[in-house]
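Student: After the structure tokens below, expect a handful of questions from me.
Derivation of every value follows stated rules applied to the coordinates shown; laboratory data play no part. Predicted, not measured: the structure shown is a model, and the values here were computed from it. Every residue, glycine as well, gets a Cβ built from its backbone with ideal geometry; the counts of neighbours run over all protein chains shown.
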Amino acid sequence: MADTLLEVNSVSAGTEDKPILHNVSLAVGAGETHVLMGPNGAGKSTLGHVIMGDPTYKVSSGSIAFDGQDITSLTPDKRSLAGIFLSYQAPVEVPGVPLYSFLRSISQMRPELKCTAREFRRRVGKIADELSLDQSFLMRELNVGFSGGEKKKIEMLQLLLLRPKLAILDETDSGLDVDALATVSRGIQSYRDNVGGALLIITHNTRILERLTVDRTHVMVKGHLVAEGPASLIDDIDKNGFERFEKTTAKEADAQ
Ligand SMILES: Nc1ncnc2c1ncn2[C@@H]1O[C@H](COP(=O)(O)OP(=O)(O)O)[C@@H](O)[C@H]1O
Ligand SMILES: [Mg+2]
């Protein structure tokens, strides 16, 4: 395995009154592609948010290390600066702020991305072209009135511009038409080839994975990681569903 980039160590977490994740451990090496699958409500998005440091969730035990640093108590902005990117299932709308200005201000906050206005325009233009993104989007208010597909394309633009070390993509591909799906696939591909970062992809859609080499697959059921395996586990789940894993957790719960 490559050098460990992300290490989730026996993490239990949830909201104030609801435990959601139970003793979750997972490691992602630098540059690796991991897939996280599981039925609806399993806790996949919660895990993404916990890795990102979303204050909605409290870690009651365990720890999270990233790039050699314990990040368990870092705020989301610090985790973002450290190189973690999370694509949200529902991106926020920020009225009054054009997408272009937003992108410019977040990249100016990062020493490694600081550049002249002219160089920034060139970089954004190049990525927008690569994603076949109409440049008029860039002048619109952040996510306001964008269609689901457009929001996802813009997330890909952010991903390629910010060059994080780890990108967690939470159902980035859900509900997309063929065209938007192709753009998202191209974005992920380009992130792998040009940025060389690691991926944790939460998905139900195996089409998005077709052109990626998946290093590891994790299965989550009822807040537990119940299985881990090679890329072939994805095909197995695609054919047979999650039933056998659900039985495993039911037995575990009975035994407790
Ligand atoms: N902020 C929250 N408040 C209350 N319950 C939550 C919250 N976030 C998640 N949950 C609950 O935790 C469980 C896991 O949710 P989620 O992580 O969204 O699952 P998945 O992404 O696998 O579909 C669900 O039962 C969900 O209702
Ligand atoms: Mg989810």
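Student: With an 8 Å Cα cut-off and a minimum separation of 6 or more residues, compute the relative contact order for the stretch 1-76 in percent.
Tutor: On the way: 133 pairs, mean separation 28.8, N = 76.
Normalised by residue count, the contact order of the stretch 1-76 is 38 percent.
Student: Given an 8 Å cut-off on Cα distances and at least 6 residues of separation, report the relative contact order of the chain as a percent.
Tutor: Rounded, it is 25 percent for the chain.
Student: Consider a paramagnetic label point 7 Å from the Cα of Asp236 along Cα→Cβ; state which residues of the stretch 204-221 have an amide N under 14 Å from it.
Tutor: 216-220
Student: Using a simple spin-label model with points 7 Å from Cα along the Cα→Cβ vector, what separation in nm is obtained for Asn9 and Ala117?
Tutor: Label-label distance for Asn9 and Ala117, simple model: 4.8 nm.
Student: I'd like to compare 126-133, 8-15: which one has the highest average count of other Cβ atoms within 10 Å, and what's the full order after that?
Tutor: Numbers: 126-133: 16.0, 8-15: 17.8.
So the peptides 126-133, 8-15, ranked by packing, come out 8-15, 126-133.
Student: For the stretch 121-256, what relative contact order do you get, as a whole percent, if you take Cα pairs closer than 8 Å and at least 6 residues apart?
Tutor: It comes to 19 percent, rounded to a whole number.
Student: Quote the Stokes-Einstein diffusion coefficient, in whole µm² s⁻¹, for the stretch 97-244, based on the Kirkwood radius over alpha carbon pairs, a temperature of 25 °C and a viscosity of 0.890 mPa s.
Tutor: 147
Student: Work out the FRET efficiency for Thr206 and Ser73 from their Cβ-Cβ distance, taking R0 = 25 Å, and round it to the nearest 0.05. Write down the numbers at each step before the final one.
Tutor: Values: r = 36 Å, r/R0 = 1.45.
Calculated value: 0.10.
Student: Sticking with this one: Mind checking the angle between helix 99-108 and the chain's longest principal axis? C-alpha axes, 0 to 90 degrees, to the nearest 10.
Tutor: 80
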